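S.K.: Input: one structure, supplied below.
Any read-out appearing in this document is the output of simple, stated calculations on the displayed coordinates, not a laboratory observation. The structure displayed is predicted, hence computed values, not measured ones. Every residue, glycine among them, receives a Cβ derived from its backbone with ideal geometry; neighbour counts consider all protein chains shown.
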Amino acid sequence: MSSASNETARRVAMLRDMARIRAFEREAVAAMRSGEAPGVVHPSIGQEGVAVGVCANLRRADRITSTHRGHGHAIAKGADARAMMLELHGRAGGSCGGKGGSMHIADFAVGMLGANGVVGAGIPIACGAAQAIRLTKEDAIVACFFGDGAVNRGPFLEGMNWAALYRLPVLFVCEDNGFAAFTRNSAVTAGGGPAVRAEACGVPAAAVDGEDVLAVDAVAAELVARIRGGGGPQFLHAKCYRWEGHTGTDAAAYRPAEEAAAARDRDCIRRLAALLDPDEVAAIEAEAAAEMAGHRAAAMAAPWPDAGAAFTDVQDAGAPA
Amino acid sequence: MTRMTFAEAARRALAEEMRRDPLVWALGEDLVQGGIFGQYKGLSEEFGTDRIVSTPISESTIMGAGLGAALCGTRPVVEMRIADFTLCAMDELVSQIAKVRYMFGGQGRAALVVRMPQGMWRNSAAQHSQCLEAWLTHIPGLVVAAPGTPADAAGLLKAAVRSDDPVVLMEPKNLWTAEGEVPAEIAPIPFGVARQAAQGDALTVVTWSAMVPVVEQAARESGVACDVFDLRSLWPWDEAAVIASAQRTARLLVVHEAVTVSGFGAEVVARVVEALGPGGLKAVERLGAPRAPIPFSPPLEDSIRLSPTRVAAAIRRVAG
Ligand SMILES: Cc1ncc(C[n+]2csc(CCOP(=O)(O)OP(=O)(O)O)c2C)c(N)n1
């Protein structure tokens, strides 16, 4: 293949991943609203370019840690979307057998070490994963996703210092969608922002337009290459916008409608699609929609977990009687 | 058998585990310097600073990194310095480490050890003296062990390192320098098996951790023939041995250094009563600390510390 067709293939693959994430989350939000999926989902619609642009530079052996808003990271890392949809519905056959739900999806087979219901909690875990990788001389790196809200938690500071101190192979990805739940993060954050904080601890930082997947891909490629080359941790500050509310049922009344509308005009999917063959794009989007609708139907048809599953995988010694 | 201190026994056990398994490593503050009680002394020289890692004062990340490292196939020994500092890493221990295997449907395991020396020691006052074992026995997913002798410190540490469960090892700060006989070949001690330290029909005495030598001395001095159980691990704990003994003696005393209110002694008594029925015991008592912080001044601290004299008096009371 020529390098031009390589480039096109990469773009098509990224478009497919973004379309699959969006279709997955559209179904997930609908299922949450209808009550078919119990509990809460946090959609990342509008932010797909960050997950996809970063994960396009990762290998299967690489690990990621994720957040409460983690469907995109999981799918971009290659997690099984059908199992994820079953998990959201609390069904047997879900990624975690129905015991985790949206906020605890993990797929260890592809290095997805888990979403997390605690803001910032993935940062120390990513540091330790990288330390283990170093100790076992594995050829792999860790990408650690977190939101802009996480930079106000202590583990963020600890983790930046720690990763820099031990020169760990970690790519920190701050998905700055501007909000921490219902609060504009700038209203509760002093100082120069996430990148400045990372650099203060000795982690070099780069900024990128997270709504431009090609830009994310290009910067991530550079940072990942540095990390693989032994350059130590790197920080990527990706600006983006959360189209939906904090959860699938939050109307986001705390922000002007025009702001969200403007973000929709910057759609990472449409921006990439504009560079590709429209027929191919339409086919990819239709395929993604059909795939995820199929997964949702499969989830509704799937059995509930065995009642006994509530008591398995607690612990070996002293397990529930 | 060799006579050695608690710290030396624990040090040997970890060194042997690290020789046996290259995936075992330790992280915590001041470990390269031997740890604050000397329990890591010489280990960085033998195993290098990639496996004996001195960390920043970053308890959340010490704990959380231990988890990440366990999920990537290594077996970390996480050192909290003292149990009180675990409070800076509670999310990582309680909501991450204890939960991952379950939440992820068995995909990953937090096969790691968290060491947290606890209890009163050298007038350390309110923030450096707490006994928090009951907090952690309450958390599904955790194994909790609390050795009271050098031999058990070594054997339980080996079991903890080899366990696929996350194991909290609460070593009594006051006993690091205490001496005892340790087998030449240290074998892992299974969790949930108590050590019976004395035998007698007058009553059943249950204890663990720093109270073990205190209770043993008290039992000798009391002149009362009692069954004394050192539980060694608190979750799982040896319910069968304690219940069988209490059924025979019908008298139960539980002694622990922690605050009595909501202490693990409440669980021991409740289980025995559930097993024997409400009329199954003629006498029962919990002996622990009053619900007050630990004071600094030596005479004040002594007023809270359980002495062999006070325990012996309780033994006589419960024996009737
Ligand atoms: C430690 C902690 N505090 C509070 C919460 C509740 N909470 C869940 S998501 C969220 C906002 C997080 O904002 P950010 O990190 O920017 O991620 P985003 O939701 O924007 O993706 C909050 C406050 C939590 N899950 N964990």
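S.K.: Using only the Cα atoms of the range A:186-251, build the gyration tensor, take square roots of its eigenvalues as a ≥ b ≥ c, and label the shape rounded, prolate or oblate: rounded if a/c is under 1.5, else prolate if a/b is larger than b/c, else oblate.
M.R.: oblate
S.K.: What is the spin-label model distance, in nm, from A:S5 to A:L165 if the labels are put 7 Å beyond Cα along the C-beta direction?
M.R.: 5.2
S.K.: For B:A198 paired with B:Q33, estimate the spin-label separation in nm (one decimal), with each label point 7 Å from Cα along the Cα-to-Cβ line.
M.R.: 4.1
S.K.: While we're looking at this one, here's another question. So if we plug the beta-carbon distance of B:R317 and B:F296 into 1/(1 + (r/R0)^6) with R0 = 30 Å, what FRET efficiency do we get, rounded to 0.05?
M.R.: Efficiency, from the Cβ-Cβ distance: 0.50.
S.K.: Loop-only trypsin sites (Lys or Arg not before Pro) in the range B:174-260, please: DSSP not H, G, I, E or B, and at most 16 other Cβ atoms within 10 Å.
M.R.: none
S.K.: In addition: Over 38 Å apart: what share of the alpha carbon pairs of the protein assembly as shown falls there, rounded to a whole percent?
M.R.: Considering the protein assembly as shown, 40 percent of its Cα-Cα pairs are separated by more than 38 Å.
S.K.: Is any residue of the range A:1-45 close enough, with backbone N under 16 Å, to a label point placed 7 angstrom from the Cα of A:A283 along the Cα-Cβ axis, and if so, which?
M.R.: Zone members listed by number: A:8-17.
S.K.: Based on the Cβ-Cβ distance from A:R228 to B:T49, what FRET efficiency comes out when R0 is 22 Å, to the nearest 0.05?
M.R.: Efficiency, rounded to the nearest 0.05: 0.40.
S.K.: Here's another thing I want to ask about it. May I ask you to give the average projected area over all directions of the convex hull of the Cα atoms of chain A, in nm² rounded to one decimal?
M.R.: 17.7
S.K.: Sticking with this one: Which residues among the range A:296-315 fall inside the zone where the amide N is under 20 Å from a point 7 Å beyond the Cα of A:A109, along Cα→Cβ?
M.R.: From the range A:296-315, the list is A:296-306, A:313.
S.K.: While we're looking at this one, here's another question. Binning at 10 Å from 0, report for the range B:189-256 what percent of all alpha-carbon pair distances ends up in each bin.
M.R.: Here the calculated profile for the range B:189-256 is 24, 57, 18, 0.
S.K.: Cross-link partners among aspartates and glutamates for A:K77, C-alpha distance below 13 Å, same-chain residues fewer than 8 apart left out?
M.R.: In chain and number order, the partners are A:D17, A:E48, A:D62, A:D107.
S.K.: Set the bar at 31 Å for Cα to Cα. Now go through A:K137/B:K41; A:K99/A:K239; A:K137/A:K239; B:K99/B:K158; B:K173/B:K282 and name every pair that lies beyond it.
M.R.: Distance filter (> 31 Å) returns A:K99/A:K239; A:K137/A:K239; B:K173/B:K282.
S.K.: Out of the GluC sites (Glu not before Pro) in the range A:1-91, which ones are loop residues according to DSSP with at most 16 other C-beta atoms within 10 Å?
M.R.: Here the GluC sites (Glu not before Pro) that fit, given the DSSP loop and packing criteria, are A:E36.
S.K.: Modelling each spin label as a point 7 Å along the Cα-to-Cβ direction, I'd like the B:R19/A:A206 distance in nm, to one decimal.
M.R.: The answer from the label model is 4.8 nm.
S.K.: Which shape class, rounded, prolate or oblate, goes with chain B when its Cα gyration tensor gives a ≥ b ≥ c as root eigenvalues, a/c under 1.5 marks rounded, and past that a/b bigger than b/c marks prolate?
M.R.: In terms of gyration-tensor shape, prolate.
S.K.: Where a ≥ b ≥ c are the square roots of the eigenvalues of the C-alpha gyration tensor, would you call the range A:59-168 rounded, which needs a/c under 1.5, or, failing that, prolate if a/b is larger than b/c, or oblate?
M.R.: Oblate.
S.K.: If you don't mind, there's one more thing I want to ask. What span do the alpha-carbon atoms of the range B:195-319 cover on each of the three principal axes, reported in whole Å from largest to smallest?
M.R.: For the range B:195-319, the Cα extents along the three principal axes come out at 42, 30, 24 Å.
S.K.: Report the Cα centroid-to-centroid distance between the range A:219-256 and the range B:29-104 in angstrom, as an integer.
M.R.: 29
S.K.: Peptides B:206-217, B:297-308, B:262-273, A:92-103: what's the order by average Cβ count within 10 Å, highest mean first?
M.R.: B:206-217, A:92-103, B:262-273, B:297-308
S.K.: Given that compact globular proteins tend to follow 2.2 N^0.38 Å, what is the ratio of the alpha-carbon Rg of the range B:2-182 to that value?
M.R.: Ratio of Rg to 2.2 N^0.38 Å for the range B:2-182: 0.94.
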